[in-house]
Amino acid sequence: MRAAELPRVRCDVRVRAAVPRVWDLVTDIHLPARLSPELQRVAWLDGASRPAVGARFEGHNSHRLLGEWRTVSHVVRLDEHRVFAWAVLDEDGRFGEPARDPAKALASWCYELAADGDGTRLRQTVVLGPGRSGVTLAVEHRPDREEEIIALRLRELRAGVEGTLRGIKELAERAG
């Protein structure tokens, strides 16, 4: 797979809890920092305190190869109890020219929820690009290893997404 193909990871899980309970968890932007190996902390920006289309939040990340960096995410879709999606931007220019347009996201993330019997089907998707990211820098440094670099990043992301979904499932089911 090549970066131009907008590589993605999509995972889903069935949660034995009602959609509103799962929704409350996935729209808590602080929760992934408790569950992710890379995302360290999150904070709302511009006086926002909850998800709304156009709301922004910053994330502070750490990776063994890339070090630490900040991103700014823009909520791009919010369909109550169904979809929560955001575009991650490199507003600080860590990976190239600063990006402030969600169409130039370094990654896009999305939770989708659907009622499933007495529970919820929860799906999380991440799409890399089209904006510049750490993957872009790695590929520029070693263009002959692009497919290997992307495959490695997708494996890391899959492990993180699966861990996040497991954590959400556990919290939702524990709460009843």
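How many residues does segment 23-59 contain that are surrounded by 15 or more Cβ atoms within 10 Å (Cβ to Cβ) and of a type outside the set (D, E, K, R)? Outline the logic, then answer.
Start the filter on segment 23-59 by keeping residues that are surrounded by 15 or more Cβ atoms within 10 Å (Cβ to Cβ), which leaves 23-29, 31-33, 35-36, 38-39, 42, 44, 48, 51, 55-59.
Subset that is of a type outside the set (D, E, K, R): 23, 25-27, 29, 31-33, 35-36, 39, 42, 44, 48, 51, 55, 57, 59.
Of the residues in segment 23-59, 18 are surrounded by 15 or more Cβ atoms within 10 Å (Cβ to Cβ) and of a type outside the set (D, E, K, R).
For segment 24-39, the set of residues classified as touching a residue at least 60 places away in the same chain (Cβ under 8 Å) and charged (D, E, K, R) consists of 34, 38, listed by residue number.
The residues in segment 44-99 that are aliphatic (A, V, I, L, M) and touching a helix residue (DSSP H, G or I) at 6+ places or on another chain (Cβ under 6 Å) can be counted, and the count is 3.
Taking each residue of segment 135-155 that is at pLDDT below 95 and part of a loop (DSSP other than H, G, I, E, B) and looking for partners that are surrounded by fewer than 16 Cβ atoms within 10 Å (Cβ to Cβ) and not hydroxyl-bearing (Ser, Thr, Tyr) with beta-carbon atoms closer than 6 Å, six or more apart or interchain, yields nothing. Residues of segment 92-117 that are surrounded by fewer than 16 Cβ atoms within 10 Å (Cβ to Cβ) and among the acidic types (Asp, Glu): 92, 97, 101, 116. Residues that are part of a loop (DSSP other than H, G, I, E, B) and loosely packed, with under 14 Cβ neighbours inside 10 Å within segment 60-80 comprise 64, 65, 80, listed in sequence order.
Taking segment 127-158 as the range and being more than 16 Å from residue 66 (Cβ to Cβ) and of a type in the set (A, V, I, L, M, F, W, C) as the test, the residues that pass are 127, 151.
Just one of the listed residues (13, 42) is β-branched (Val, Ile, Thr), in a strand (DSSP E or B), farther than 18 Å from residue 133 by Cα and in contact (Cβ under 8 Å) with a residue 40 or more places away in the chain, and it is 13.
Any idea which of 170, 146 is farther than 21 Å from residue 14 by Cβ and charged (D, E, K, R)? Talk me through it step by step, then tell me what you get.
Details: 170 fails: farther than 21 Å from residue 14 by Cβ.
Within the list 170, 146, the selection yields 146.
Would you check if residue 86 is aromatic (Phe, Trp, Tyr) and part of a helix (DSSP H, G or I)?
No, not satisfied.
The residue of segment 70-109 that is modelled with the highest pLDDT, among those that are of a type in the set (S, T, N, Q) and closer than 15 Å to residue 60 by Cβ, is 73.
Scanning segment 45-59 for residues that are touching a residue at least 12 places away in the same chain (Cβ under 8 Å) and either of a type in the set (D, E, K, R) or assigned to a strand (DSSP E or B) (or both) turns up 50, 56, 57, 58, 59.
The values are calculated or read from the model by the stated rules, or taken from the named source; none is laboratory data. Predicted model only: the values in this text are computed from it and were never measured. Methodologically, a virtual Cβ is constructed for each residue, glycine included, from the backbone with ideal geometry; neighbour enumeration extends over all protein chains shown.
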